[in-house]
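First comes the structure, then the notes that go with it.
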């Protein structure tokens with residue numbers, strides 16, 4: 001009802017305004033015309049109607065205030081809220097540097113437990129220790145691969161060497177450095193790498209002079225010359241290790257070196273009932289720090305030489321008299337002489353060499369005297 005009343009009021013207001021406009025138009029003279037019509041009644045409008053007002057709006061007293069959105073240009077500009085500083089990504093924790101596995105300091109296969117008494121069991125224990133500690137051996141210097149070489153001198157003093165490191169630090173020797181002038185001695189050593197019937201002749205000559213010598217034998221030799229090996233033992237000679245197959249050991253694996261050294265030792269024990277004397281000569285005289293350490297831990301001293309000549313090639317032997325002359329020129333106290341069992345020159349001149357050295361005041365020693 002109230003709404004209808006308001007609508008009627010609005011309509012009436014609009015009609016009154018329209019009529020007032022018409023009356024005003026009639027009572028006003030157009031420009032250039034005469035006087036007003038006396039019969040028209042002038043209408044006076046004191047306040048013009050504001051057609052811009054929204055007559056449908058609620059009374060002003062009850063209207064919500066209109067928000068002034070005109071910017072206040074006199075005010076200080078608002079300080080912009082700074083962009084938040086991004087939280088830095090955490091620095092990733094670096095992977096820890098792995099601690100290298102320490103190189104084992106194992107050294108001492110000679111320390112065989114006291115409850116291991118059988119010779120074969122001892123050798124197998126040594127083999128197991130070498131293999132178990134192969135990382136230690138493989139960490140050792142194996143780059144100074146050399147073949148033994150020495151300096152000859154003619155004044156009968158001890159020979160010098162061309163060693164690149166001190167072999168004595170690795171339980172090795174090439175001469176007896178502990179000799180005295182009142183006990184002159186020479187060590188005769190025969191390498192028996194390959195079977196040869198010359199061995200029997202050499203043993204006969206040694207027996208005739210009542211001389212003891214030192215024989216380095218391979219398994220290849222022992223397999224065909226078992227009787228000679230037994231005779232060496234029976235006549236008091238030292239029989240020593242010269243490996244299984246007479247090949248360069250320096251670049252072999254620990255397992256292979258162990259087999260080359262231990263297999264021949266076990267075979268010698270099986271055929272003679274006796275262990276090797278604890279001395280080894282490397283094939284061709286090749287050596288490195290790694291190899292000498294392995295040999296030491298197998299229980300052997302490595303023995304090189306201070307007298308040698310070209311007798312190893314049975315098809316290219318020195319001229320007659322050369323061997324005797326060589327000993328006459330280069331003999332010295334504590335000498336370790338390298339000779340080969342398959343050399344015809346040695347067989348032909350051994351008697352003369354022994355006589356020469358005996359007359360020069362030497363005796364012939366076994367290698368165990370190196371450790372006295």
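The values are calculated or read from the model by the stated rules, or taken from the named source; none is laboratory data. All values reported here derive from a predicted model rather than from experimental measurement. Cβ atoms come from the backbone with ideal geometry, glycine included; neighbour counts cover every protein chain shown.
A compact table of results
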item	result
Filtered residue count, region 217-235, keeping only those that are assigned to a loop (DSSP other than H, G, I, E, B) and in contact (Cβ under 8 Å) with a residue 40 or more places away in the chain	1
Residue match in region 169-179 (condition: closer than 21 Å to residue 292 by Cβ and without any contact (Cβ under 8 Å) to a residue 24 or more places away in the chain)	yes
Among (1) in contact with a helix residue (DSSP H, G or I) (Cβ under 6 Å, 6 or more places away or on another chain); (2) surrounded by 15 or more Cβ atoms within 10 Å (Cβ to Cβ); (3) part of a helix (DSSP H, G or I), the one test that residue 255 misses	(2)
Region 315-330, subset part of a helix (DSSP H, G or I) and in contact with a helix residue (DSSP H, G or I) (Cβ under 8 Å, 6 or more places away or on another chain), residue surrounded by the most Cβ atoms within 10 Å (Cβ to Cβ)	323
Any hit, region 158-172, residues being modelled with pLDDT of 95 or more, within 19 Å of residue 363 (Cβ to Cβ) and crowded, with 19+ Cβ neighbours inside 10 Å	no
Boolean, residue 121 is more than 30 Å from residue 328 (Cβ to Cβ), touching a helix residue (DSSP H, G or I) at 6+ places or on another chain (Cβ under 8 Å) and modelled with pLDDT of 95 or more	no
From 141, 135, 155, residue being without any contact (Cβ under 8 Å) to a residue 40 or more places away in the chain and either within 18 Å of residue 249 (Cα to Cα) or part of a helix (DSSP H, G or I) (or both)	135
Subset of region 188-216 (residues that are more than 22 Å from residue 312 (Cβ to Cβ) and in a helix (DSSP H, G or I))	207, 208, 209
Single unsatisfied condition, residue 299 versus (1) part of a loop (DSSP other than H, G, I, E, B); (2) touching a strand residue (DSSP E or B) at 6+ places or on another chain (Cβ under 8 Å); (3) closer than 21 Å to residue 172 by Cβ	(2)
Unmet requirement for residue 285, which otherwise passes all of (1) touching a helix residue (DSSP H, G or I) at 6+ places or on another chain (Cβ under 9 Å); (2) closer than 20 Å to residue 367 by Cβ	(1)
Given (1) closer than 30 Å to residue 251 by Cβ; (2) in contact with a helix residue (DSSP H, G or I) (Cβ under 7 Å, 6 or more places away or on another chain); (3) surrounded by fewer than 16 Cβ atoms within 10 Å (Cβ to Cβ), number of the condition residue 200 does not satisfy	(1)
Filtered residues of region 230-242 (kept if surrounded by 15 or more Cβ atoms within 10 Å (Cβ to Cβ) and out of contact with any strand residue (DSSP E or B) (no Cβ under 8 Å at 6 or more places or on another chain))	230, 231
Region 236-245, residues that are under 26 Å from residue 358 (Cβ atoms) and part of a loop (DSSP other than H, G, I, E, B)	236, 237
Residue tally, condition over 41 Å from the mean Cα position of the chain (by Cα) and within 20 Å of residue 196 (Cα to Cα), over region 314-343	9
Residue satisfying all of: in region 158-187; assigned to a loop (DSSP other than H, G, I, E, B) and under 27 Å from the mean Cα position of the chain (by Cα); nearest to residue 206 (Cα to Cα) among these	171
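So that you can scan it fast, the table gives a plain yes or no per residue for (1) surrounded by 22 or more Cβ atoms within 10 Å (Cβ to Cβ); (2) in a helix (DSSP H, G or I):
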position: 313; (1), (2): no, no
position: 332; (1), (2): no, no
position: 339; (1), (2): yes, no
position: 350; (1), (2): yes, yes
position: 357; (1), (2): yes, yes
